[in-house]
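Quick note: the coordinates plus some simple rules give every number you see, no bench work behind them. All values derive from a computational prediction rather than experimental measurement. We place every Cβ from the backbone using ideal geometry, glycine too, and count neighbours over all the protein chains shown.
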Amino acid sequence: MRNSSLLLRSGLAVAAAALPVALAATPAAALGTGISVSTSGSTVSVTTTVCNQTSSNGMWGTASLLNSSQANFAQGRQVALSGTTSLQTAAWQGVSPGTYTVVVMCAANNTTAGSQSVIVSAASTPTISATSSPSLGVMGGLGGAVRDYGPLTLAVGSALVGTGVIATGWYLRRRAKPYRL
């Protein structure tokens, strides 16, 4: 039991010492994608620092935008990288909503700088609601009187108002004389 715990501790110490050496020997492309993709509305842009050497024709590299039905780099919408030795960029305008894969190829050594998926969502359009304000102030008191009603509606309304006036007068008169039931 004592020997196995000693062996375990020494194995962990060797692994901890070997890890920084193994990470330093790993190429940068294997650690991460090497590219950064972003979207803004219908524009997709990619930035990288991996393609820091130009080829014989002065190009940094090429970026390709692949939709879900495209399988290889040559089938996508290709754009040349532009920039400096510290940062290279490319962008696509008017990209329709969907899921895409961005692949970047460096021109100097013809290697892949990285690939990354991106989702382009439909742009939301703001709704504008116009509110009108009266030019001569508030037209109070008109209410439902703006609509023209027929003679039958006016007759029924007048009959209801008249019945209400008569009922109110009868009720108040009965209330004024408490000896009557």
So what J values fall out for segment 57-70 if you push phi through Karplus, 6.51 cos²θ - 1.76 cosθ + 1.60 with θ = phi - 60°, rounded to Hz, Gly and Pro as x?
-> 8, x, 9, 7, x, 9, 10, 10, 9, 10, 8, 5, 8, 9
The extension gain from GLN75 to ILE128, computed as 0.36 nm times the residue separation minus the Cα-Cα distance, is 15.0 nm
Once the piece of chain linking SER117 and THR85 is laid out straight, how much longer is it, given 0.36 nm per residue of separation minus the C-alpha distance between them?
-> 9.0 nm
Would you mind computing, in nm to one decimal, how far apart the modelled labels at THR54 and ALA176 are, each placed 7 Å from Cα along Cα→Cβ?
-> 10.9 nm
